[in-house]
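So the structure is just underneath, and the comments pick up after that.
The values are calculated or read from the model by the stated rules, or taken from the named source; none is laboratory data. The structure displayed is predicted, hence computed values, not measured ones. Here the Cβ positions follow ideal geometry from the backbone for every residue, glycine too, while neighbour counts run over all protein chains shown. Just so you know, the surface numbers come from the protein's heavy atoms only, side chains and all, with ligands and any DNA or RNA stripped out. Shrake-Rupley method; radii C 1.70, N 1.55, O 1.52, S 1.80 Å.
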Amino acid sequence: MCGTHDNITVAYETYSAELIAAGLLIPSGVPSVYGYSGVFENVIERFDALVTRAGAELKPEVMRFTPLLTRENYLRTDHLETFPNLMGSVHSFLGSEKELPELIRKRQQNEVWANDLGPTAVMLTPAVCYPLYPTASGTTLPTQGRLVDLRGFVFRHEPSPDPARLQMFRMHEFVRLGTPDQALDHRNYWLKKGEELLQSVGLDVKPVVANDPFFGRGGRVMAATQREQHLKYELIVPVATAEKPTAVASSNYHMDHFGHSFDIKSADGNVAHSACVGFGLERIALALFKTHGFDTTRWPSSVRQVMSL
Ligand code: ATP
Ligand code: ZN
């Protein structure tokens with residue numbers, strides 16, 4: 001067990017070091033938090049635009065949210081129960097002037113000071129589709145359902161030596177709200193379309209049945225059920241190492257999970273079903289740099305053309 005684990009960790013550290021040496025990643029001093037060079041950002045932006053173009057023919061609504069979700073809406077989901085280890089809660093100093101000297105004293109004496117903070121009205125968004133559902137809450141969808149194009153930063157507390165496992169990263173999603181058939185068709189359409197899109201930029205992706213990393217023993221049961229029912233697929237490709245390919249996109253059928261939590265009805269009066277496809281933009285950039293090299297001017301001309309690089 002340790003042998004393989006070590007190989008993989010070494011591969012993560014090697015690829016990170018190469019990316020940092022090339023100036024593509026700017027280390028922050030904390031694992032899984034980086035800045036990015038202009039070249040890296042350009043690759044993200046060009047691929048992101050390609051995703052937008054791929055979805056445009058379906059005429060989606062476009063919505064953009066900040067990486068903040070209200071605490072109230074967060075608590076309408078079961079994220080706290082299912083992914084407590086990944087959550088990000090925003091806290092600030094809520095005390096009075098009288099209580100400030102104690103906070104300063106703790107900081108100066110290197111004591112734990114964060115316990116003196118209190119929760120604000122917001123959480124960090126764990127997936128870009130989360131802020132969408134509250135906007136549909138209490139509504140009945142039109143017969144054709146809804147299709148929404150979303151992109152933004154999300155937070156997940158999963159520090160790692162893997163440069164493709166970030167604490168904050170960008171996802172471009174298409175979310176479908178509607179009947180079970182509409183949601184399932186969306187999941188299947190994007191599984192195929194996503195594969196074609198990633199292949200068009202030279203990434204040899206493979207679809208695999210996947211599960212969400214639900215927490216704890218109860219979580220293992222949920223993950224097994226999700227896999228048995230083939231609800232979630234990932235498109236995987238080698239990034240740091242071929243030994244453990246990385247999911248660069250996923251396509252997930254939620255059934256009535258969010259429709260139930262947020263009281264969304266489909267036109268037939270039943271609880272709405274939903275599905276989403278998510279492209280992990282930093283991971284896709286990291287896969288492209290691994291596959292085609294660090295110098296984008298030397299990438300295959302077909303790839304440069306598709307991405308308008
Ligand atoms: P993994 O199994 O690798 O943890 P996931 O199942 O948590 O991935 P999703 O929740 O389906 O991933 O998120 C959608 C997409 O976001 C993934 O396909 C991936 O491309 C990207 N992604 C997920 N977690 C991270 C992360 N920590 N850092 C960078 N990108 C990520
Ligand atoms: Zn994950």
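Which condition does GLY138 not pass, out of (1) in a loop (DSSP other than H, G, I, E, B); (2) within 16 Å of ligand 1 (Cβ to nearest atom); (3) out of contact with any helix residue (DSSP H, G or I) (no Cβ under 9 Å at 6 or more places or on another chain), if it passes all the others? The failed condition is (2). Of the residues making up region 117-151, just one is surrounded by 16 or more Cβ atoms within 10 Å (Cβ to Cβ) and at positive phi, namely GLY145. The set of residues from region 61-84 being of a type outside the set (S, T, N, Q), open to solvent by less than 80 Å² (accessible area, probe 1.4 Å) and assigned to a helix (DSSP H, G or I) comprises ARG71, TYR74, HIS79, LEU80, PRO84. State all residues of region 211-228 that are assigned to a helix (DSSP H, G or I), open to solvent by 50 Å² or more (accessible area, probe 1.4 Å) and either of a type in the set (A, V, I, L, M) or within 15 Å of ligand 1 (Cβ to nearest atom) (or both); if no residue qualifies, say none. Within region 211-228, ARG220, VAL221, MET222, ARG227 qualify. Annotation note: Cβ proximity below 7 Å between a residue of region 49-67 that is farther than 30 Å from MET123 by Cβ and a residue that is part of a loop (DSSP other than H, G, I, E, B) (sequence gap 6+ or interchain) occurs for LEU50/MET307.
In region 198-216, the residues that are farther than 24 Å from ASP48 by Cα form Cβ pairs under 8 Å with partners that are open to solvent by 30 Å² or more (accessible area, probe 1.4 Å) and part of a loop (DSSP other than H, G, I, E, B), at six or more places apart or across chains, as follows: VAL209/HIS230.
Return yes when ALA114 is exposed (fewer than 11 other Cβ atoms within 10 Å of the Cβ) and more than 16 Å from ligand 1 (Cβ to nearest atom) and no when it is not. Give the steps one after another, and end with the answer.
Values: exposed (fewer than 11 other Cβ atoms within 10 Å of the Cβ): yes; more than 16 Å from ligand 1 (Cβ to nearest atom): yes.
Taking the combined requirement at face value, the residue satisfies it.
Taking each residue of region 254-266 that is closer than 13 Å to GLY138 by Cβ and looking for partners that are of a type in the set (Gly, Ala, Ser) and open to solvent by less than 10 Å² (accessible area, probe 1.4 Å) with beta-carbon atoms closer than 7 Å, six or more apart or interchain, yields GLY259/ALA272; GLY259/SER274; PHE262/ALA136; ILE264/ALA136; ILE264/ALA272; LYS265/ALA272. If you scan region 198-209, which residues turn out to be surrounded by 18 or more Cβ atoms within 10 Å (Cβ to Cβ) and either in a helix (DSSP H, G or I) or at pLDDT below 95 (or both)? Hit for region 198-209 is LEU198, nothing else. Residues in region 169-187 that are more than 16 Å from ligand 1 (Cβ to nearest atom) and not in a loop (DSSP other than H, G, I, E, B): LEU177, GLY178, PRO180, ASP181, GLN182, LEU184, ASP185.
Of all the numbered requirements in (1) open to solvent by 60 Å² or more (accessible area, probe 1.4 Å); (2) at pLDDT 95 or above; (3) of a type in the set (Val, Ile, Thr), THR9 misses one, and that requirement is (1).
In region 161-197, which residues are touching a residue at least 40 places away in the same chain (Cβ under 8 Å) and basic (Lys, Arg)? Hits for region 161-197 are ARG165, ARG170, ARG176, ARG187, LYS193. Considering region 212-235, the residues that are within 13 Å of ligand 2 (Cβ to nearest atom) and touching a Ser or Thr at 6+ places or on another chain (Cβ under 8 Å) include one that is modelled with the lowest pLDDT, namely ASP212. Inspect region 153-170 for any residue being modelled with pLDDT of 95 or more, out of contact with any Ser or Thr (no Cβ under 6 Å at 6 or more places or on another chain), more than 18 Å from GLU41 (Cα to Cα) and among the polar types (S, T, N, Q) and give the result as yes or no. Checked against the condition, which is being modelled with pLDDT of 95 or more, out of contact with any Ser or Thr (no Cβ under 6 Å at 6 or more places or on another chain), more than 18 Å from GLU41 (Cα to Cα) and among the polar types (S, T, N, Q), region 153-170 yields no hits at all. Here PRO101 fulfils each of the conditions (1) touching a residue at least 24 places away in the same chain (Cβ under 8 Å); (2) more than 18 Å from PHE83 (Cβ to Cβ); (3) not aromatic (Phe, Trp, Tyr) apart from (1).
Considering (1) within 16 Å of ligand 2 (Cβ to nearest atom); (2) surrounded by 15 or more Cβ atoms within 10 Å (Cβ to Cβ); (3) assigned to a helix (DSSP H, G or I), the lone condition that LEU166 does not fulfil carries the number (3). Take the residues of region 117-135 that are more than 16 Å from ligand 1 (Cβ to nearest atom) and not in a strand (DSSP E or B): which is nearest to SER89 (Cα to Cα)? Step by step, filter region 117-135, then rank; the result is LEU117.
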